[in-house]
Amino acid sequence: MEGRLFLIPVTLGGENYSYVIPEQVIEITRNLRFFIVEEIRSARRFLRMIDRQFPIDESNFSILNEHTPENDIDLFLEPLRKGSDIGLMSEAGLPCLADPGSRIVSIAHKLNYRVVPLSGPSSIILALISSGLNGQNFTFNGYLPVKPAEKVIKIRELEKRAREGYSQIFMETPYRSQKLFETITEICNKDTRLCIASDITLPSESIKTLRLYEWKKSVPDLRNRLVVFVMA
């Protein structure tokens, strides 16, 4: 019998995993010994968090990130052929969302292996459903361009799509979130609505939707915070 590829959710940074991940999912994770991960240290830390006695040294970890050669990826699924299950883990939240995991899932489908998604937190979905903005039609745009000129062009493009009725979801690294907010308020229409969802599921969580002219009156401190933006 061939193994299964489980899509394993992890926390969004907090340690209270029982608050965001079902117990049955935790139990499945505890029983796995083969993992495909974006970063080994964070994966080991999560496994030890859900089980202090987790046999790290008896487990196998394959690294899948933007630098992983395509020729190596097929080999990661070899345990499936031999009947062992594998867990695919992102650094935070669900794998395959703003994450390179979709590469291995695509290969698993081509090889006719069973892919099993498990319930857990996604900052992208949690931000959208708590924004009060359009959840029927939306686009996730990932991270915006780093170069200022390209970023401005992209933001204006997202605002245009938002005005056409499609909520636009995007992210930024913690050390650039404040600057991104400032750029948005400078170049976008004052009536454009923006949800800023920070540190979702963490004790410092903050989720608020205002029009840009309102945000200018109450500028948030986004420095070093995990932020998801939703524009409409």
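Each value in this text was obtained by applying a stated rule to the coordinates, not by laboratory testing. Quick caveat: nothing in here was measured; it's all calculated off a predicted structure. Cβ sites come from the backbone with ideal geometry, for glycine too, and all protein chains shown count toward neighbours.
Side notes on the structure shown:
- Those aspartates and glutamates that a straight Cα-Cα span of less than 17 Å connects to Lys190, excepting residues fewer than 8 apart in one chain: Glu157, Glu159, Glu164, Glu182, Glu214
- In this structure, Lys208 and Glu58 have a Cβ-Cβ separation that, at R0 = 45 Å, corresponds to a calculated FRET efficiency of about 0.50.
- Positive-pole candidate from Ser42, Thr29, Ser131, dipole of the chain, charges at beta carbon: Ser131
- Fraction of antiparallel bridges per DSSP, the range 4-117 only, in percent to nearest 5: 5
- Calculated log₁₀ intensity ratio I(q)/I(0) where the Debye formula runs over C-alpha points of the chain, q = 0.16 Å⁻¹: -1.10
- For peptides 63-71, 12-20, 99-107, sequence by mean Cβ density within 10 Å, most packed first: 99-107, 12-20, 63-71
- Order of Thr29, Thr201, Thr139 under a 10 Å beta carbon neighbour criterion, fewest first: Thr139, Thr201, Thr29
- Thr185 versus Ile153: modelled label distance in nm, points set 7 Å from Cα along the beta carbon direction: 2.7
- Net charge dipole size for the chain [Lys, Arg +1 and Asp, Glu -1 on Cβ; Debye, nearest 20]: 660
- Considering only the chain, percent of DSSP beta bridges that pair antiparallel, nearest 5: 45
- Student exercise, the range 123-231 dipole from Lys, Arg, Asp, Glu Cβ charges, in Debye to nearest 20: 240
- Taking only Cα atoms of the range 123-231, radius of gyration then Dmax in Å: 12.5, 35
- With both labels modelled 7 Å from their Cα along Cα-to-Cβ, the Val146 to Ile107 distance reads 2.6 nm.
- Those aspartates and glutamates that a straight Cα-Cα span of less than 14 Å connects to Lys179, excepting residues fewer than 8 apart in one chain: Asp221
- Nearest-0.05 FRET efficiency for Lys216 and Arg41, computed from C-beta distance (R0 41 Å): 0.55
- In the chain, taking the dipole from charged Cβ atoms about the Cα centre, the farthest positive-side position among Thr192, Leu64, Ile207 is held by Thr192.
- Cβ-based exposure ranking for Leu158, Leu80, Leu202, in which fewest neighbours within 10 Å come first: Leu202, Leu80, Leu158
- Comparing Cα centroids, the range 51-123 and the range 188-232 end up 32 angstrom apart.
- Residue order, fewest to most surrounding Cβ atoms within 10 angstrom, among Glu38, Glu214: Glu214, Glu38
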